[in-house]
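Engineer: One structure coming up, written as structure tokens, with questions to follow.
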Amino acid sequence: MARAVTGIQPSGQVHVGNWLGMIRPALTIAQDWESYFFVADWHALTSHPEPDVLRRATREIAATWLALGLDADRSTLFRQSDVPEVQELAWILGTVIPAGLLERGHAVKAARDGGREVNASTWWYPTLMAADILAYGADVVPVGADQKQHVEMARDMAIKINVRFGDDALVVPEPRVRAEVGVVPGTDGRKMSKSYGNVVPLFDTPKRTRKAIMGIVTDSLGVDEPKDPDRCTVFQLYKLLATDDEVAEMDADLRRGRGYGYGHAKEALALVMERTVAMPRECYTEWLASPARLDEILDAGARRARVAAAATLDRLRERVGLHALRRGSLG
Ligand code: TYM
């Protein structure tokens, strides 16, 4: 069966951009594909989280997937750092990437823009991410538009390895970006991102979620003036959540103006958001109250993930001329 692989960093709250851009499409893919979904805790380490915060955030991500419908018997949910084979693969991949390419990675740019140090792990970030993808033999990688570049780098690395060591050394993956979602905008109209502080949280209290929605920046057109839905962040978010009829109605209301202002649109968005997340939020809270159960699921997932990654690494070690490793009994 074809495989899908993707990850999300345990840093800050999961937001609507993560959900609509990646988690929701990934869960649809998981119905038909063998799926490996992990919490990218090694990647989160690059920004120096407090250890307890990292542990809690890791469980929050697992609880989010489960609350949104992931079936842990069918899909493999695990912590990135529980599969050491991925680091082994990253080293081998590092031998085929020009160092200059890493310099142009998103993570390096984001750290520089944010005035943070570019530590060696930040710089190495795309290599580790490629190893995440290639270790499990991913055919497709469901990601938001912002991560496409990284998946393409993984693709290039796989092709380079295959040219040198044989066509089937690594599976060449493809990014799977939902065109109709694109980049989900945040409350200030830029890409929704933890580092911009412009997120609509997914599972926060209804009050705080509503507050974030009410804070969405709009232009200053008055209630009675006609407005352009395509330039309205509230409408862009509404389109991703509401039914077709509801979307058509808001589109017409905004264009007409005459008594329909941005405040009305925000109220409608807050209602649809609450309708959509109320049930999963309850499940999320229940999952978080059972950390031992979450850890069991993650541990079981890691055992399955290691078997898949070890198969890739055993093949690759042999191809590149390394000694065969005795991994003991995995699985
Ligand atoms: P991360 O944790 O930043 O984001 C997780 C996923 O959410 C998507 N996303 C968005 N999609 C649309 N609009 C937005 N505003 C938005 N914000 C976030 C991201 O595209 C991503 O798919 N490096 C990755 C984690 C990772 C990974 C991997 C992903 C590590 N290894 C291997 C895929 C495969 C990251 O930091 O995602």
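The values are calculated or read from the model by the stated rules, or taken from the named source; none is laboratory data. All of these numbers come straight from a predicted model, not from anything done at the bench. We place every Cβ from the backbone using ideal geometry, glycine too, and count neighbours over all the protein chains shown. The accessibility values were calculated without ligands, DNA or RNA, using every heavy atom of the protein model including side chains. Shrake-Rupley method; radii C 1.70, N 1.55, O 1.52, S 1.80 Å.
Engineer: Sort largest first and round to whole Å: the equivalent ellipsoid semi-axes of region 203-285, each the square root of five times a Cα gyration tensor eigenvalue.
Structural biologist: Semi-axes from the Cα gyration tensor: 25, 14, 9 Å.
Engineer: Moving to a separate point now. When all alpha-carbon pairs of region 179-218 are counted, what percent fall beyond 11 Å?
Structural biologist: Pairs farther apart than 11 Å: 63 percent.
Engineer: Taking a ≥ b ≥ c as the square roots of the Cα gyration tensor eigenvalues, with a/c under 1.5 meaning rounded and otherwise prolate when a/b beats b/c, else oblate, which class fits region 156-305?
Structural biologist: Judged from the Cα gyration tensor, region 156-305 comes out oblate (a/c at least 1.5, b/c at or above a/b).
Engineer: So what is the relative contact order of region 1-113, in percent, for Cα pairs below 8 Å that sit 6 or more residues apart?
Structural biologist: 31
Engineer: Let me ask something else. Cβ neighbours within 10 Å, averaged per peptide: list 303-316, 107-120, 156-169 in order, most packed at the top.
Structural biologist: Ranked by mean Cβ neighbours within 10 Å, highest first: 303-316, 156-169, 107-120.
Engineer: With Cβ to Cβ distances under 15 Å as the rule, what net charge do the other residues near residue 160 carry (K, R +1; D, E -1)?
Structural biologist: Result for the neighbourhood of residue 160: -1.
Engineer: Given the rule -39500 (n - 2.57) for each run of at least 4 DSSP H residues, summed and divided by the residues of the chain, what is its mean residue ellipticity at 222 nm, to the nearest 500 deg cm²/dmol?
Structural biologist: Details: 13 runs with 173 residues, N = 331.
Using -39500 (n - 2.57) per qualifying helix, the result is -16500 deg cm²/dmol.
Engineer: Still on this structure, I have one more. Please compute one quarter of the surface area of the Cα convex hull for region 78-127 and express it in square nanometres.
Structural biologist: Values: hull surface 16.0 nm².
With every direction weighted equally, the projected area is 4.0 nm².
Engineer: Could you work out Rg/(2.2 N^0.38 Å) for region 21-141, with Rg from alpha carbons only?
Structural biologist: Taking N as the residue count of region 21-141, the ratio is 1.13.
Engineer: According to the square roots a ≥ b ≥ c of the eigenvalues of the Cα gyration tensor, what is the shape class of region 1-48, taking rounded for a/c under 1.5, prolate for a/b larger than b/c otherwise, and oblate for the remainder?
Structural biologist: Judged from the Cα gyration tensor, region 1-48 comes out oblate (a/c at least 1.5, b/c at or above a/b).
Engineer: Can you check what the Kirkwood hydrodynamic radius comes to for region 10-91, Cα pairs only, in Å to one decimal?
Structural biologist: After inverting the pairwise mean of 1/r, the radius is 13.6 Å.
Engineer: Roll a 1.4 Å probe over the protein chains and send me the accessible area per residue for the chain in Å².
Structural biologist: I get 48 Å² per residue for this part.
Engineer: Let me check I've understood the local charge: for residue 123, count other residues with C-beta under 13 angstrom from its C-beta, Lys and Arg +1, Asp and Glu -1. What total comes out?
Structural biologist: +2
Engineer: I would also like to ask the following. Have a look at the DSSP beta bridges in the chain and tell me what percent are antiparallel, nearest 5. Don't jump to the answer; show the numbers that get you there.
Structural biologist: Working: 2 of 16 bridges.
The answer is about 10 percent antiparallel.
Engineer: Oh, and also: Ignoring ligands, DNA and RNA, what percent of the 1.4 Å accessible area of region 203-285 is carbon and sulfur?
Structural biologist: Its accessible area is 54 percent carbon and sulfur atoms.
Engineer: What is the pair-distance distribution P(r) of the chain, computed from all Cα-Cα distances in 20 Å bins starting at 0, with each bin given as a whole percent?
Structural biologist: Reading the bins upward from 0: 30, 54, 15, 1.
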